[in-house]
Amino acid sequence: MRSFISQGLSRAAQINPNGIATICEDRAYSWSQVLDRVTRLAGALKAMGLAEGERVAILSMNSDRYFHLYYAIWWAGGVATPMNMRLAPAEIDFRLEDSGARIMFLDREHLALYDQLGPVKDAIEHVVVMDDDGTSGLASLEGILAEAAPAKDAGHSGDDLAMIIYTGGSTGRAKGVMLSHDNLCADAMSALQTIGYDEASVYLHAGPMSHLADGMSTFGLTLAAGTHVFLPRFTVESCLEIIQRHKVTHICLVPTMVEMLVARAEKGGFDVSSLVQIQFGSSPMPEGTLKRAVALWPDILFLHGYGMTELSPLITMLPMRWRRPDIGGERLKSCGKAVPNLEIRIVDPDGNDLPPGQVGELICRGPTVMLGYWNMPEATAKAIRNGWMHTEDAAYMDAEGFVYIVDRLKDMIISGGENIYSTEVENVISRFPGVSQVAVIGVPHPLWGEAVHAVVALAQDAPAGSEADIIAFCKSEIASYKCPKTVVIQRESLPLTSAGKIDKKALRATHAG
């Protein structure tokens, strides 16, 4: 049976028409009102000439309009292409050119960034400001909505392309992950089964909606016809205030956010008794932080998820009964068991299954495996072999099916919940004058989990460079969160493995403690 993501919206409006669907700032819409807005916004997209399967770019902070736009794009038969808000102009240029988007929605916060885009901007035929106050001189979302006639659901489903989300590629080039309607619907069902959303659930979108970790609840909660609350920009005070005001029941955070909330909540002043569950992932939760959180909020269930965009994104979830420091023991280090619709194996380099406790590559098979990488057939063939998605994450599984991530084979750094690919940063630093070798690694950071650290070897005849110069050079080329926070510069060559590659294991031992 073919699934289509817009079906969840239709069902929500049918079973809970007067229930509050979305809340953002001073705006609140029922499910029947959201359905009306979505069908008319889809009509506006059709009036712009949106063809079925065509990509629509989104660059915006979290909002109810972002949510409505997602479903309108699918209702019109288009493909949602969200952009990370923290990208540099050159990175957005690449994504716009690669996706071929002709229509772009953005908010006022990003108008200045839009003005910095290169010639690819000329290919954008329609620019719509999602929160325009009449001063931008561009079309506004509310304006086109008011003039639009409702459109019929295009009925895209199954393997029809629904979304392209770009990840920083381990080769240095961003990869557009293609996700189908079946992918997103299967992940939504996983969210329903593992998280347990219902009509009474109130979910706070605190993490960026351009990340699929948030999308899991976007689509899962819609199937349950619960309530979505949107936090445009995360701050500790605003997050706690919104939880209190709207009686939020569920939230998904990266461990850094949890640490910040715990530190502030320990001082008192906020009522978060409505919270029943905190989902977290993207990086391991420090055990000390988790113990403080459980002590502060003993009635809240903490749920640890592991995933990747290519898996739509959920791979494992740690069962709630284990997510307690006084019960879980060694399993506090686990990221849980495979979600209901996914099969996991741990294999050696030849694809042979490994016994419990032995480290190998984690591979997955199921309805959430991506269609492939946009415009990258060779990378797709390497990632998906015989129906199995190769995560390139090193892990082991115990005899009861609990998964433990040991290392990231891709040398990906996770800082504050953001995925940073070392090769991408190395490619930039290698262009700095006089650099002969460079290695980028993650080093422990008390707040962000990991910080980006670069080790640079200069050519013998090169002038002495400075840490500040290299960091400034990086900031001119890539998003600031990807740039090294610290740089060690030396004349000596970097250590090499027997295969002639830079020995990052040795560098981590020296620099990461």
Under 22 Å from the Cα of LYS152, which lysines turn up, not counting those fewer than eight places away in the same chain? LYS46
When a footprinting reagent is the concern and you count Cβ atoms within 10 Å, what order do TRP297, TRP75 take, fewest first? TRP297, TRP75
Charges only on Cβ, +1 for Lys and Arg, -1 for Asp and Glu: so what's the dipole of segment 6-320 about the Cα centre, in debye to the nearest 20? 360
Could you check the spin-label model distance between GLU147 and VAL347? Points 7 Å from the Cα along Cα→Cβ, value in nm. 5.4
Cα coordinate range in segment 87-129, projected on the principal axes (Å, largest first): 24, 21, 14
Read-out semi-axes √(5λ) of the Cα gyration tensor in Å, candidates (1) 47, 27, 19; (2) 48, 22, 21; (3) 35, 29, 23; calculated match is (3)
Here the FRET efficiency for ALA509 versus LEU296, based on Cβ atoms and R0 = 41 Å and rounded to 0.05, is 0.70
Considering only C-alpha atoms, what is the centroid distance from segment 362-377 to segment 426-481, in Å? 32
Excluding residues fewer than 8 places away in the same chain, name every one of the aspartates and glutamates whose C-alpha is closer than 17 Å to that of LYS504. GLU392, ASP393, ASP407, ASP411, GLU424, GLU426, GLU450, GLU492
Of the listed links LYS121/LYS475; LYS267/LYS485; LYS175/LYS482; LYS247/LYS267, those spanning more than 26 angstrom between alpha carbons are LYS267/LYS485
For the chain, the charge dipole (Cβ of Lys, Arg +1; Cβ of Asp, Glu -1; about the Cα centre) points to a positive end, and the Cα of ILE363, PRO298, VAL177 closest to that extreme belongs to PRO298
The chain - mean residue ellipticity at 222 nm from DSSP helices (-39,500 (n - 2.57) per run, n ≥ 4, rounded to 500): -9000 deg cm²/dmol
Ranked CYS185, CYS24, criterion: other C-beta atoms within 10 Å, fewest first: CYS24, CYS185
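How big is the dipole moment of segment 412-511 about its Cα centre under a simple scheme where the beta carbon of each Lys and Arg is +1, that of each Asp and Glu is -1, and everything else is neutral? Debye, nearest 20, please.
180
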Among all the lysines, which ones have a C-alpha under 16 Å from LYS333's C-alpha, if same-chain residues fewer than 8 places away are not counted? LYS291
Which of the peptides 437-446, 349-358 is most tightly packed, and how do the rest follow, going by the mean number of other Cβ atoms within 10 Å of each residue? 437-446, 349-358
Taking r as the C-beta separation of GLU266 and ALA200 and R0 as 35 Å, the FRET efficiency to the nearest 0.05 is 0.80
Taking other Cβ within 10 Å of each residue's Cβ, how do SER190, SER140 sort, fewest first? SER140, SER190
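Please list the equivalent ellipsoid semi-axes of segment 341-408, computed as the square roots of five times the alpha-carbon gyration tensor eigenvalues, in descending order and whole angstrom.
Over the Cα atoms of segment 341-408, the ellipsoid semi-axes are 23, 12, 10 Å.
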Per residue of segment 41-55, what does 6.51 cos²θ - 1.76 cosθ + 1.60 with θ = phi - 60° give for ³J(HN,Hα)? Whole Hz please, x for Gly and Pro, Karplus curve as stated. 5, 4, x, 5, 5, 4, 5, 6, x, 4, 8, 5, x, 7, 8
Separation of segment 187-227 and segment 98-128 by C-alpha centroid, Å? 29
What Cys residues in the chain are without a partner cysteine, judged by a Cβ distance under 4.7 Å? CYS24, CYS185, CYS239, CYS252, CYS335, CYS364
What base-10 log of the normalised intensity I(q)/I(0) is obtained for segment 382-471 from the Debye formula, alpha carbons as equal point scatterers, at q = 0.18 Å⁻¹? -0.91
Rg and Dmax of segment 415-509, using alpha carbons, in Å: what are they? 12.9, 39
As an exercise, identify the trypsin sites (Lys or Arg not before Pro) in segment 243-317 lying in DSSP coil whose Cβ has no more than 13 other Cβ atoms within 10 Å. LYS267
Residue-by-residue Karplus 3J(HN,Hα) for segment 92-106, coefficients 6.51, -1.76, 1.60, Hz, glycine and proline x: 5, 3, 4, 5, 5, 5, 5, 6, x, 5, 9, 10, 9, 10, 8
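Rule-based calculations on the coordinates, nothing more; no lab input. Owing to the predicted nature of the structure, the values given are computational and were not obtained by experimental measurement. Every residue, glycine as well, gets a Cβ built from its backbone with ideal geometry; the counts of neighbours run over all protein chains shown.
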